[in-house]
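This report refers to the structure that appears directly beneath it.
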Amino acid sequence: MTTFTVQGIIAAPVLPMKPNFAIDWPSLRSYLAWLAKQRPTAIAMNMDASEGPSLSRDEMLEVIRVSRAVIKDACPLVSGLIAGSTADAVAFGKQLKAATAGSPMVNTTVVFGPDAVVELGDLGALTAAWLERRDSNAGFLPAGWTETTTRGGFAELVVLPQGPNGRLALTALYNWVDSDDALARRHSAALAASWLHSRNVRLVGEVQRDVEGDAWRLSVGTVLAY
């Protein structure tokens, strides 16, 4: 079984376009042929760099078909997926998978969850978010991979004891991530403080507790702006 290890360089090339905003297919084929010879870990199309959000569904599918035909077996081909619902994402993911004939290493990702912000007037703000992510094939394997679910959230409290124009800022941050993939799990909390020493110099310090890794971290430093 061939696995796709997410490391090294995953190339996300730009999409050549004509002056009339149509895809320049000859230039794309030439570009991808050169890129494949460099042996990247993978090539990712239909991403932001390759105009994924601006393409029609038919154009996205054709980009994948042309890319696979040019790249052949030089490296894995990865595609972005843009959808408005879970059912739509699954259906379009199947179309993209079919378009990669000879390269079944396709992952469909669905992310959803709420976020909220509570303003505390001039004293600061409380921000919180929760997300759930589902990957159909997070390992980009040809076969034998089951759906992976990752969920988690964070809460951040920013306090400005002296108001928005004061020198002191205090921050409390909590992170929690649980996943079927043990390497993705995170659980930590941190307290930080910053002091505006002068107009372009800020002193910062933070203490962090890594619950998952059973470790403490302390960091201090300065932020300069010129």
Legend entry - Alpha-carbon radius of gyration plus Dmax, which is the widest Cα pair, for the chain in Å: 22.7, 62
Inset, instruction - Kindly provide the trypsin sites (Lys or Arg not before Pro) of segment 170-226 that DSSP labels as loop, not H, G, I, E or B, and whose Cβ sees at most 10 other Cβ atoms within 10 Å. - result: ARG199
Legend entry - Cα pair distances in segment 1-105, grouped into 5 Å bins until the bin that holds the longest one, percent each: 2, 13, 24, 25, 20, 11, 4, 1, 0
Legend entry - Estimated D of segment 107-226 in µm² per second, where Rh is the Kirkwood radius over Cα pairs and Stokes-Einstein applies at 20 °C, 1.002 mPa s: 127 µm²/s
Legend entry - Relative packing of peptides 163-175, 32-44 - highest average C-beta neighbours within 10 Å first: 32-44, 163-175
Legend entry - Calculated diffusion of segment 51-138, Stokes-Einstein form, Kirkwood radius summed over Cα pairs, 4 °C and 1.567 mPa s, µm²/s: 85 µm²/s
Legend entry - Euclidean distance of C-alpha centroids, segment 43-88 and segment 165-189, integer Å: 33 Å
Inset, instruction - For an R0 of 41 angstrom, estimate the FRET efficiency from the Cβ-Cβ distance between TRP25 and THR146 and round to the nearest 0.05. - result: 0.65
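A short reminder: the numbers here are calculations on the coordinates, not readings from a lab. Treat the numbers as computed from the prediction; the structure is a model and nothing was measured. As a convention, Cβ positions derive from the backbone with ideal geometry for all residues, glycine included, and neighbour counts pool all protein chains shown.
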